[in-house]
Amino acid sequence: MRVVVFRLAQAAVVVALVVTTCFALIRLAPGDPFFTSLDQPDIPAETAALQRERFGYDRPLVEQYARFVGALARGDLGWSHSRARPVREVLVALLPNTLLLMGSALLLGMLGGIALGAWQGWHHESRLSRWSDRLLLLVVSVPEFILALFFAMLLALTWRIFPIGGMRTEFGPGGFAGLLDVLRHLALPAGTLALVVLAIVARHQRAAMRDVRDAEFVRALRASGIPERRILWRHALRNALVPVLTVMGVMLASLVSGAVLVERIFAWPGMGRAMVDAVLYRDYPLVAGGVLVTSVGVVLATLLADLAVAWADPRLRRRL
Amino acid sequence: MRRIVLAFALSLLAACAGDAARGPVGGTVIIAAAADADALVPPLVGSSQGRLVSELLFDRLVEIGPSLNTVGDADFRGRLAERWNWSADSLAITFFLDPDARWHDGQPVVAADVVAGLSVIRDPANGSSLRVNLVGLDSLTVQGERQVTMHFGRRTAEQFYAASMIFPLPAHLLPTDSGSALRTSTYARAPVGSGPYRFVSWEPLSRIELAAVEDHYRGRARLDRVVVSISPEPATGLAKIWAEEADVWEIVPAGDIAEAVRHPHVRLVSSTAFDYGFAAFNFRDPRNRERPHPFFTDRGLRRAIAMAVDRPAIVRAIFDTLAMPLYGPFVRLQHTADTTIRQIPFDRAAAATILDSLGWRVDPRDGIRRRGTQRLRFTTLVPGSSRNRERAAVLMQEQLRQVGVDMQIERAENRTFTAKREAGQFDMVVGGWLTTPSPRGLRGTWATNSADGQGTQNDGRYSNSAFDAAVIAGLDALEPADVRRHFREAYQIIVDDAAALFLYELRVMAAVHRRFTLPAWRPDGWWRTLPEWTVDPAQRLPRDARPTAN
Amino acid sequence: MRRLRGPLLLLGGLALVALLAPWLAPFDPAAQPDPIGLALQPPSPAYWFGTDPYSRDVLSRVLFGARSSLGIAALSVLVALTLGAAVGAAAALGGRVTDTLLMRGTDAALAIPRLLLLLLVVAGTGPLTPASLALVLGATGWMTTARLVRQETRRLLATEYVRSANALGVPPLRLWRGHILPGLVPTIAVNATIAFAAAVPLEAALSFLGLGVRPPLASWGNIILEAEGRIRSAWWLVVFPTLGIALATLAANLLAERVRDVAGERS
């Protein structure tokens, strides 16, 4: 328990570092939220000055930071200039969408990857196992956005199995049918991300499983007459999970990166898109608020992964 | 050819002169848009998505007619003001509000709302893009509930145009403290307006929904619902059109026209637009704006560079037929447009000869021209968000290379681009301006930069007093013929000076679902005729079903 | 060792193509013979990989694109490894405070999605030359190396051999250079190939967002960008550069795996 508290404190430090870094980085970029628009020649320059003053962006950076932290302590994340509403409202509106997308991608990818990898590792000499591994290697080697474009072209544009973008059909059905409608829209973006997760997880799992298969304790179990299938799913898998769970934290961060482009291609209203816009618009408060939420998510997931590792491998429990 | 296109545009305009055609009520239109709206209250809006939504939510006092003639008041139509009259000296106009006009909350539209609308535009903190159009408007006085008078300092040809910029706002709902709080108010996120559609919902990055106002003073809009659905990738937005998931896409790229034709449910609607693109020279040193540019202040050099660029070919290569070569800093839709302006011809050989005669000799080692120790090498700034402008730059780069000019391209994302453009940190910039029916913007974009607000967007610091004088004379003239004569003079001066390579003027091709019957596309905002759109009941899609009362 | 031959050959082949691009390419990759008549031609005997919207030859651009894409990736890996090794070693060799500071910093950098971090940096630096792009990519990719190097250094420090050297009074820097660094080589080698496999697609993703290599220079990413909105009609603009990206990434991934396997077998 004390270990967990210590880790949480560490995590808080990490989050503080992240937010501070991003706070500083985005302010180094030229321009601010109040630039005159790209092509519309009629916005006077004095407006920008007045707005800067109103939001305090004309103050020294240290003072701005102090104000930001002060407001944060009061639970006020500030005003999002790019989305024309309080940052809190933006997060409340978009976070559930992102969680749905990432959650389903992660769940599908992890479960599928673990199962596939376990099977591949157990039968690693079989031709099917080897060829499927090569296929997965190919999937890992193609950038997510090209996969997304490929699926969009094939499954949405050519075969029209799935809708091309958005989260639900306009004025579509409600209730259970409405839920199915959301799932249909979720299929392509979540499927693309899940495939990438699946490929990475399966390849790790395959390697781990291959090692476990010939391990001492498995041979012992086999000798005691326990059915092969049961050894695989009950005993071997739990041991082979460790390396996979350790990569989960890192994978989550890369999943967020992938989601940025996938959300864009499939017009999914999520955090990734909002964050890219926020950086390009110099929407200081939304960058800070969004990064706060993302980093809390990544850090917590890493922590959870570590706890899961400890569960899977009791030897590591003390070292946590 | 030019004349045919112009005639075509004019006939389009004439077609929508008649007011509100009636037809069957009902239906839903889904407009696929590339970006979210930036605001929903007209004076705060900057993006075209914002304009679309805000102008459906709010009515103006008066509106310019489809002829887009900004001179006098003959081509304007009443909106919230049902009529108006001029004082004997033409320095005051009195507007009479429509007694039936109501806010969406049921309150009547009163004179105080006109005052509120004007003060929001006037407050510099709001940064309203409508403000420049109010030049000449001195004050507003109120007589009773439904009568307001605008007072002008002096007579000008476009005096009445100022009145069309005013969107009355509900004084009883606006935040009570200073105007600058409007942008962050809850009202601005769920506005109560006076237009044919009322606000329903706004989900960030996803959609905006509007519904028809049943008892609107100008008559009920035909379609029940308007949805703006946001897809950041143009390919995704277009795909929604092909798949009948959405009904309108405003600008179909040239490369997708062929695809559009393959879908029988898609109708292509074309019109001219107010956007033009150009490559402007910087007359000041990018490293120190106080100093002149090392070589672009040389008029002969600028003309030679202009001569080396095949502008019509660039326009064809990027837009196919969806843009026209530009003749100067104006678009054909403006009443001052003049396509007889003498152009600098494309002549690569002549350009090379002129460059030689100016002392810029080709260095055989790399094929780049030099004069003394100076290389003819410069950097062109392009915005990362505009693929078309980047294409124009890449095409120019190769054409210039052939006459020994080394042009580098610096692509910057929008904020960096604007920051650099405004600070003059570029040798050349591929820019674009969105003009209005009035040529007034010219004073800000190309006239000499000075303290009184002239040339504030003239980031390349072009300066020619003869040009300035002609522009001001044109804006001050009262007779339409004089206005045109002065502007013609100004256009010819700036083209002869080669202040910029005037590249293209956009024509837009919109894709619309075939089940809609619509009046002609208005180039100054196609959504202005949206209340007149109807759906043929025989062709209704499931989403056109009448919304159930709730 | 023989198992390393495949991926090494593949990587070597790609590098060779990149180096020999000026001699292999049939056309000048920036030449626009006829932007109206010859734009977007499908693959043909004259243009094996077709042409792009400017009528430039895609084969020549893919060949020259290999130079920038692979060059940027390789350079970025060098930067990332140097940074990562420095941070990791400093954390392992320094005191507790240094270690905590550096490792929490590493965690923080890891908690920001890399693409977002890149965007933040690119927004600040403005338009990038290929060299600075490599620098930026490297500066956002050192974290895993730092963690591994720290872990490995600590393991080596705990070995009998180094402990006795330490007891004999060998100065820390010499200890690091003479005894620890050589021990780190396998870790760093595996890490380099993994970092390389991550950098190639990332360059493409940045180009997809319009922030990558600037024109007229070709990179695999910005060739794909030219297909924007015409993926179905101009598939050759996507397929050939994607092939390049996939081959390079695949070779690097395979190499990393096989090196690890070989090292595993030996130990």
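The values are calculated or read from the model by the stated rules, or taken from the named source; none is laboratory data. Because the structure is predicted, anything quoted here is derived from the model rather than measured. Cβ coordinates were reconstructed from backbone atoms using ideal geometry, including for glycine residues, and neighbour counts include every protein chain displayed.
Values computed for the structure shown
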| read-out | value |
| --- | --- |
| Flag for residue C:140 being within 30 Å of residue B:419 (Cα to Cα), within 14 Å of chain A (Cβ to nearest Cβ) and modelled with pLDDT of 85 or more | yes |
| Residue ranges of helices (runs of 4 or more DSSP H) in the stretch A:173-273 with at least 2 members within 14 Å of another protein chain (Cβ to nearest Cβ) | A:175-213, A:237-265 |
| Qualifying residues in the stretch A:79-95 (those that are more than 24 Å from the chain's Cα centre (by Cα) and outside any loop (DSSP other than H, G, I, E, B)) - the one surrounded by the most Cβ atoms within 10 Å (Cβ to Cβ) | A:79 |
| Residue within the stretch A:222-233 that is surrounded by 18 or more Cβ atoms within 10 Å (Cβ to Cβ) and in contact (Cβ under 8 Å) with a residue 60 or more places away in the chain present | yes |
| Index of the failed condition, residue B:210 passing every other in (1) surrounded by 23 or more Cβ atoms within 10 Å (Cβ to Cβ); (2) within 30 Å of residue B:443 (Cα to Cα) | (2) |
| Residues of the stretch B:448-466 classified as touching a helix residue (DSSP H, G or I) at 6+ places or on another chain (Cβ under 7 Å), free of Cβ contacts under 8 Å to residues at least 60 places away in the same chain and either among the small types (Gly, Ala, Ser) or closer than 16 Å to residue B:280 by Cα (or both), total | 7 |
| Near pairs, Cβ below 8 angstrom, 6+ apart or cross-chain, from the stretch A:46-57 (among the basic types (Lys, Arg)) to any residue that is assigned to a loop (DSSP other than H, G, I, E, B) | A:52/A:32; A:52/A:34; A:52/A:58 |
| Sole residue being within 26 Å of the chain's Cα centre (by Cα) and either surrounded by fewer than 21 Cβ atoms within 10 Å (Cβ to Cβ) or within 14 Å of chain B (Cβ to nearest Cβ) (or both), chosen from C:66, C:46, C:74, C:39 | C:74 |
| Flag if residue B:421 is charged (D, E, K, R) and either farther than 24 Å from residue B:315 by Cβ or in a loop (DSSP other than H, G, I, E, B) (or both) | no |
| Single condition residue B:239 does not satisfy, out of (1) hydrophobic (A, V, I, L, M, F, W, C); (2) touching a strand residue (DSSP E or B) at 6+ places or on another chain (Cβ under 8 Å); (3) outside any loop (DSSP other than H, G, I, E, B); (4) buried (at least 17 other Cβ atoms within 10 Å of the Cβ) | (2) |
| Strands (runs of 3 or more DSSP E) lying entirely in the stretch B:69-147 (those with 2 or more residues that are within 23 Å of the chain's Cα centre (by Cα)) | B:76-78 |
| Residue in the stretch B:206-214 that is more than 11 Å from chain A (Cβ to nearest Cβ), under 23 Å from the mean Cα position of the chain (by Cα), outside any loop (DSSP other than H, G, I, E, B) and within 30 Å of residue A:163 (Cβ to Cβ) present | yes |
| Test: residue in the stretch A:131-138 that is part of a loop (DSSP other than H, G, I, E, B) and within 18 Å of residue A:190 (Cα to Cα) | no |
| Hey, residue B:156 surrounded by fewer than 22 Cβ atoms within 10 Å (Cβ to Cβ) and either assigned to a strand (DSSP E or B) or without any contact (Cβ under 8 Å) to a residue 12 or more places away in the chain (or both) or not | no |
| Residues within the stretch B:367-391 that are out of contact with any Lys or Arg (no Cβ under 8 Å at 6 or more places or on another chain) and more than 14 Å from chain C (Cβ to nearest Cβ), tallied | 5 |
| Test: residue in the stretch C:119-131 that is in contact with a Ser or Thr (Cβ under 9 Å, 6 or more places away or on another chain), crowded, with 16+ Cβ neighbours inside 10 Å and more than 30 Å from residue C:213 (Cβ to Cβ) | no |
| Candidate set: the stretch A:149-164, residues that are more than 10 Å from chain B (Cβ to nearest Cβ) and not in a loop (DSSP other than H, G, I, E, B); chosen: the one surrounded by the fewest Cβ atoms within 10 Å (Cβ to Cβ) | A:158 |
| Subset of the stretch B:298-326 that is among the aliphatic types (A, V, I, L, M) and over 15 Å from residue B:391 (Cβ atoms) - its residue that is farthest from the other protein chains (Cβ to nearest Cβ) | B:301 |
| Lone qualifier among A:106, A:101, A:94, A:61 - being facing chain B (nearest Cβ under 10 Å) and aliphatic (A, V, I, L, M) | A:94 |
| Single match in B:59, B:19 (criterion: modelled with pLDDT of 90 or more and of a type in the set (Asp, Glu)) | B:59 |
| Complete set of residues in the stretch B:403-425 that are within 13 Å of chain A (Cβ to nearest Cβ) and either farther than 18 Å from residue B:459 by Cα or aromatic (Phe, Trp, Tyr) (or both) | B:417 |
| The stretch B:223-251 residues that are farther than 21 Å from residue B:201 by Cα, paired with ones that are assigned to a loop (DSSP other than H, G, I, E, B) and among the aromatic types (Phe, Trp, Tyr) (beta carbon under 9 Å, 6 or more apart) | B:233/A:266; B:236/A:266 |
| Pick from the stretch B:253-295, criterion of a type in the set (Val, Ile, Thr) and not in a strand (DSSP E or B), ranking: farthest from residue B:378 (Cα to Cα) | B:261 |
| Qualifying residue in the stretch C:197-213 (condition: assigned to a loop (DSSP other than H, G, I, E, B), without any contact (Cβ under 8 Å) to a residue 60 or more places away in the chain, within 14 Å of chain A (Cβ to nearest Cβ) and of a type in the set (Phe, Trp, Tyr)) | no |
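Yes or no, residue by residue, for (1) touching a strand residue (DSSP E or B) at 6+ places or on another chain (Cβ under 6 Å); (2) away from chain A (no Cβ under 14 Å); (3) of a type in the set (Gly, Ala, Ser):
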residue: C:6; (1), (2), (3): no, no, yes
residue: C:27; (1), (2), (3): yes, yes, no
residue: C:35; (1), (2), (3): no, yes, no
residue: C:60; (1), (2), (3): no, yes, yes
residue: C:79; (1), (2), (3): no, yes, no
residue: C:107; (1), (2), (3): no, no, no
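Residue-wise test of (1) under 23 Å from residue A:302 (Cα atoms); (2) modelled with pLDDT under 90; (3) of a type in the set (Phe, Trp, Tyr).
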| residue | (1), (2), (3) |
| --- | --- |
| A:71 | no, no, no |
| A:85 | no, no, no |
| A:91 | yes, no, no |
| A:95 | yes, no, no |
| A:118 | yes, yes, no |
| A:121 | no, yes, no |
| A:134 | no, yes, no |
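Residues are listed down the side, and each one gets a yes or a no for (1) surrounded by 15 or more Cβ atoms within 10 Å (Cβ to Cβ); (2) touching a Lys or Arg at 6+ places or on another chain (Cβ under 6 Å); (3) in a helix (DSSP H, G or I); (4) free of Cβ contacts under 8 Å to residues at least 40 places away in the same chain:
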site	(1), (2), (3), (4)
A:6	no, no, yes, yes
A:9	no, no, yes, yes
A:16	yes, no, yes, yes
A:26	yes, no, yes, no
A:77	yes, yes, no, no
A:101	yes, no, yes, no
